[in-house]
Structure formats: C-alpha cells, structure tokens
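Below you'll find the structure, written out as structure tokens, and then a few comments.
The values are calculated or read from the model by the stated rules, or taken from the named source; none is laboratory data. For clarity, every value in this text was computed on a predicted model and none was experimentally measured. Don't worry about glycine lacking a Cβ; one is built from the backbone with ideal geometry, like all the others, and counts go over all protein chains shown. Remember, those area values only see protein heavy atoms, side chains included, never the ligands or the DNA or RNA. Shrake-Rupley method; radii C 1.70, N 1.55, O 1.52, S 1.80 Å.
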Amino acid sequence: MKKTILILFTFLLSSNIFAQNNLSETEKFAFTGKVWGFLKYYHPEVADGKYNWDEELFKILPKVKAVANNKELSQVYLDWIKSLGEIKPCKKCDVKNNVEYFDKNFNLSWINNRQIFTTELSEKLKYIERNRHQGKKHYVKYYKGEPKSIYIDNELDYKGFDWQEENLRLLSLFRYWNIVEYFFPAKYQTDTGWDIILNKMIPKFLNTKSELDLHLAMLELIVSCDDSHATFFNKETYSFFGRYYLPVDFKVIDSKAIITGFYNDSLARLNDFQIGDIITKANEKEIATILEEQEKYINASNVSRRKFNARYYTLNGTTDSLKIEITRNGNTSIKSVKRYPFNQFHYKEEVEPKSFEIIENNIGYINIGLVKEVEEIPEIMETLKNTKAIIFDIRNHKPFTPFYFANYITSKEREFYKATYADLDYPGKFIWTEPYKSGNDELKYFKKVILLVNENSQSQLEYTAKCLQTGDNVTTIGSQTSGADGNVVVFNMVGGFKTQISGVGIFYPDGTETQRKGVKIDIHVEPTIDGILAGKDEILERAIKFINE
C-alpha cells in the first residue's frame with residue numbers, strides 16, 4: 001500500500017498537474033500587461049510593426065475580464081498568440097558570445113509561473129523568447145552615437161483622450177511599465193520591485209474618479225522609477241500642487257524649511273522674511289508631514305535629491321496666502337504670508353558670477369559651468385598656474401568643457417566610466433561598453449585639485465565630476481549628488497504628455513553605479529542650519545580648509 005502511494009505521489013509530481021485557481025482583477029490585468037509587452041518587443045510579427053498593437057490590447061481586454069480562472073486566462077493568451085501567425089525558428093537568436101551582458105535587469109521568470117500559466121502557454125512564450133525578433137524594430141530604435149541610447153518610436157499619443165476611457169488608461173500604464181521593464185537600465189535599483197509597482201498601480205489606473213486622479217497616478221508611476229531624470233509635469237499636476245509660491249528659496253534640513261535666498265527682495269521684505277528663518281509648519285501641518293504626504297509625487301534617485309526637489313511641492317499652493325509657523329533667533333511665531341505666481345518675481349541672479357577667479361590664500365576657483373568656450377581654457381589655466389590649488393565648482397551650471405580641463409590635471413589617459421545599453425535584439429538584457437577615457441600624458445598642473453559637489457550636481461554635472469576625478473591629485477568634497485547620470489530618453493505618455501527616464505547605465509570603471517548613489521566623495525560635508533544662519537558656504541569652506549592643511 002505504501003509503495004502504491006509513493007508511486008502515485010511521484011507520478012503527480014512528475015506530471016506537473018496544473019491547479020485551477022480563481023484570479024483577482026488585478027492579477028488578470030497584471031499578466032495581460034506583461035504578455036502584451038512581451039509580445040510587443042519579442043514576437044517577430046508584432047515587433048516588426050505588422051499589427052496595431054494598441055488595438056490588439058483593446059480587443060483582448062474584454063476576453064480577459066470574462067475569464068474566471070487561470071486556465072481560461074492561459075487559453076485566451078494561447079488563442080491570441082496563435083492568431084498572430086506561425087513563428088519560424090530563428091537562426092540568429094543565439095546569445096552573443098562576443099559581448100559582455102549585464103543581466104540584473106533581465107526578468108522573464110514570470111513566464112514559468114505555474115500558479116497562472118499552463119505548461120502549454122509557458123512553453124509557447126519560451127519558444128517566442130528563443131526565436132525572438134531580430135533586426136530593425138518598429139517601436140524602439142537606437143540613436144546614433146556612443147554609448148547607444150534608445151528612442152521610442154511609432155507610438156500613438158491619443159492627445160485629448162477622454163480620461164474616462166478605461167482602455168486608454170490601461171494602455172498608458174502598460175505602455176510605460178513595459179518601456180521601463182525592458183529598456184530602463186536602473187530598473188533593478190528601484191526601492192519597490194517593478195512587478196510590485198504594476199500590481200500597485202493597476203487599481204489606481206482602473207478606479208480613477210477624475211482627470212486629476214489619472215494624472216496623479218501617472219506621476220506616481222513615473223516617480224516609482226526612483227530616477228531624478230524621470231519627470232512629469234502638465235497643467236493638471238501644476239494645478240494640484242499650486243502655482244502660487246513664497247518669494248523665498250529654501251533648503252530642507254532636519255524636516256524643516258530653512259530660507260536660503262529670495263526670489264524677489266521687495267516681496268520677501270514685505271512678508272518679513274529673513275535669510276535663516278526656519279519654517280516648521282505650513283497651514284498647521286508639520287513640514288515633515290507635508291514631505292511624507294507628497295513623497296510619492298517627488299521624483300528623485302535618492303533622499304538628497306528628493307529634499308532638493310521638495311522645494312517645488314512643499315510651500316507652494318493653490319491660494320495666494322499661507323499660514324506658517326516660523327522660528328527666528330530662537331523665537332517662534334505664527335503668521336500669514338502672501339504667495340505669488342512665480343513670474344511676478346522677475347527673478348534673476350543679482351550678480352553675474354565669474355567663471356574663474358583667485359580667492360583667499362592664492363587659491364584658484366573655477367565655476368566650470370560658466371566656461372562656455374574651449375578657447376577660454378588656456379587663458380584660465382595660465383592665470384591660475386601659480387595658485388596653491390584649484391577648486392572646480394560643479395554644483396550649479398551645466399558644463400561642456402570637462403575633457404579639456406582634465407588634460408591639464410592628468411599625467412596619463414585614464415578610464416573614468418563604462419556604460420550599459422539596451423540590447424534591442426534581446427529586450428531586458430543590457431550590454432557593457434568598453435571603458436571611456438579622459439586626460440592625456442602631459443601633466444600641466446601639479447598641485448591640489450578640489451571638486452565641489454552636492455545634490456544639485458546632476459547628469460552632465462556628475463559626468464563632469466567623474467571625468468575630472470581622473471586627475472593625479474584630485475579630492476572630491478561635498479554631499480551626495482543627484483544620482484542620475486547618462487543620456488536621457490524622452491517620450492510621451494498616452495495623452496501626449498512628455499516624460500523621460502535615464503537611458504544608459506553609468507558606472508565607474510570598477511563597476512560602482514553612479515545611478516542613485518551619485519559620484520564618489522572623499523570628504524563628506526552636509527550643510528547645517530547654523531551654517532545657513534551664518535551665511536556660510538560650508539562645502540567651499542571645507543575645501544579651503546583642506547587646501548590650507
């Protein structure tokens with residue numbers, strides 16, 4: 001008897017019997033979004049543009065809604081795939097032996113989900129993977145240049161679509177989710193798994209109560225990429241967060257808003273603001289509470305950049321007045337202040353900063369983003385050649401000249417980054433580039449070189465820092481940078497609303513990511529409330545101290 005039971009048990013295991021399970025609405029739509037995206041980029045006929053793939057989604061959705069369990073859902077997908085025609089064996093689909101793959105983003109494990117898919121469906125999907133589309137794509141292509149970046153092509157915008165159309169809301173979610181799934185190089189770094197995000201967002205896209213609800217769902221989806229490059233603004237979101245601003249700039253430190261500057265001096269005085277004022281509450285809410293409520297709408301790769309971007313969300317609003325709790329010189333008071341449309345500030349920097357100068361103790365200072373012409377560099381370096389050290393400030397303006405400066409501070413050409421780019425013939429996989437180099441074999445400046453960075457150092461600024469870090473005697477001082485390096489991919493959401501993501505993975509030559517982490521820093525300096533009250537540039541002061549040590 002025991003032997004009979006053992007044989008039966010072994011048979012049940014080996015036969016891989018498929019259990020029939022009822023499915024929730026979210027489960028049905030989640031797997032539909034995945035299958036739709038997989039076929040879009042993998043199926044030879046679909047990836048070649050032979051079908052109106054949006055319309056195919058709209059046709060399949062009623063069938064998906066009608067099924068009750070996983071077996072019926074699998075059959076819907078099988079019938080769908082069969083209708084697309086025969087897939088011939090692919091002779092060019094072997095994994096490339098001459099490239100080094102980066103596979104942390106690659107995830108087709110859901111194809112083998114035996115709780116959802118029948119064996120027949122799983123095998124069919126795996127067959128499509130093995131015999132996937134090769135060559136020129138209909139929906140995604142490479143830009144010219146190195147490292148290779150992609151652009152999204154042949155997608156309908158559906159401008160002016162009715163937000164109440166459920167099919168288009170789901171299309172918006174599925175289209176964006178699959179672009180990130182297969183072509184976002186930092187997908188593996190998101191705080192919340194990308195599969196979990198899909199399940200989380202489906203009810204929000206399905207159950208929107210207004211056009212604003214839909215746009216906030218889009219924004220939350222985009223922010224879930226944890227990418228400082230991933231932006232999304234339109235009139236609905238602007239209206240939600242408000243177009244009225246205080247006439248002051250501020251920095252978030254210790255969950256307080258510390259006033260650091262004025263957008264309009266006269267309006268700031270009119271509302272009795274001073275540099276160093278500490279705002280602890282707005283409309284009777286703690287600043288910490290406001291930040292927590294709005295966190296899901298503030299795009300950033302890391303906490304440092306999120307605090308920086310919070311300036312656009314925390315104290316603005318839909319009304320022209322705001323009740324605040326404010327601390328000055330240890331005394332706390334409550335008062336009402338005015339907010340204004342930003343264009344009323346007529347804001348511009350009062351003093352145009354110099355591109356370079358010699359500051360205290362014979363230290364050279366270069367605001368590298370203000371050096372606009374390569375022809376300026378020899379004059380700058382000649383002027384500063386006898387200084388004790390040179391500081392490159394990489395915290396503000398977008399620079400275009402790092403390679404030329406690197407030639408002065410390196411004694412040999414050195415690797416400063418390598419990248420990953422999407423393999424369009426195997427969506428979800430990324431390919432390593434060879435390392436890129438900067439500098440040359442003639443060191444012209446022998447003394448200390450200091451780089452200043454902070455949370456405002458993003459993208460090209462971070463690239464500049466890495467390029468200059470190849471110098472012989474370079475020290476980087478400051479706080480965590482934005483963590484959004486590499487080329488940007490711009491594309492439209494359904495409705496024609498522009499968004500973007502980082503399109504290339506950027507790493508140091510040793511494989512350390514700069515995405516989310518930021519550039520490597522030798523001496524960390526975090527601005528303090530006391531420093532702001534005293535009007536100090538604490539990062540610059542620490543650099544000067546380091547030089548004079």
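Residue pairs whose Cβ atoms lie under 9 Å apart, separated by 6 or more positions or on different chains, with the first residue in region 422-449 and β-branched (V, I, T) and the second assigned to a loop (DSSP other than H, G, I, E, B) and open to solvent by 40 Å² or more (accessible area, probe 1.4 Å), are I431/K96; I431/V99; I431/E100; I431/K148; T433/E146; T433/K148; V449/D472; V449/N473.
Applying the criterion of being without any contact (Cβ under 8 Å) to a residue 12 or more places away in the chain and farther than 30 Å from K437 by Cβ to the residues of region 507-533, the residue that is surrounded by the fewest Cβ atoms within 10 Å (Cβ to Cβ) is D530. Once region 16-43 is narrowed to residues that are at pLDDT 95 or above and open to solvent by 30 Å² or more (accessible area, probe 1.4 Å), the residue that is farthest from N112 (Cα to Cα) is E25.
Candidates are the residues of region 186-229 that are of a type in the set (V, I, T) and part of a helix (DSSP H, G or I); the one that is most open to solvent (accessible area, probe 1.4 Å) is I196. Exactly one residue out of P435, P341, P378 is surrounded by fewer than 17 Cβ atoms within 10 Å (Cβ to Cβ) and either hydrophobic (A, V, I, L, M, F, W, C) or within 29 Å of I547 (Cα to Cα) (or both): that is P378. Of the candidates L170, L121, the single residue that is closer than 21 Å to M201 by Cα, assigned to a helix (DSSP H, G or I), touching a Phe, Trp or Tyr at 6+ places or on another chain (Cβ under 7 Å) and modelled with pLDDT of 95 or more is L170.
Selection of region 455-480 for residues being farther than 24 Å from T433 by Cα, open to solvent by less than 10 Å² (accessible area, probe 1.4 Å), of a type in the set (V, I, T) and in contact (Cβ under 8 Å) with a residue 60 or more places away in the chain yields only I477. The residue of region 61-79 that is nearest to Q20 (Cα to Cα), among those that are crowded, with 16+ Cβ neighbours inside 10 Å, touching a residue at least 40 places away in the same chain (Cβ under 8 Å) and not charged (D, E, K, R), is N70.
Somewhere in region 234-245, is a residue in contact with a strand residue (DSSP E or B) (Cβ under 8 Å, 6 or more places away or on another chain), over 19 Å from T318 (Cβ atoms) and touching a residue at least 60 places away in the same chain (Cβ under 8 Å)? No; the residues of region 234-245 include none that is in contact with a strand residue (DSSP E or B) (Cβ under 8 Å, 6 or more places away or on another chain), over 19 Å from T318 (Cβ atoms) and touching a residue at least 60 places away in the same chain (Cβ under 8 Å). If you go through region 344-351 one residue at a time, do you hit one that is within 30 Å of the chain's Cα centre (by Cα), open to solvent by 60 Å² or more (accessible area, probe 1.4 Å) and without any contact (Cβ under 8 Å) to a residue 60 or more places away in the chain? Yes, region 344-351 contains at least one residue that is within 30 Å of the chain's Cα centre (by Cα), open to solvent by 60 Å² or more (accessible area, probe 1.4 Å) and without any contact (Cβ under 8 Å) to a residue 60 or more places away in the chain.
Going residue by residue through region 261-279, is there one that turns out to be surrounded by fewer than 19 Cβ atoms within 10 Å (Cβ to Cβ), β-branched (V, I, T), assigned to a strand (DSSP E or B) and at pLDDT 95 or above? No, there is no match, as no residue in region 261-279 is surrounded by fewer than 19 Cβ atoms within 10 Å (Cβ to Cβ), β-branched (V, I, T), assigned to a strand (DSSP E or B) and at pLDDT 95 or above.
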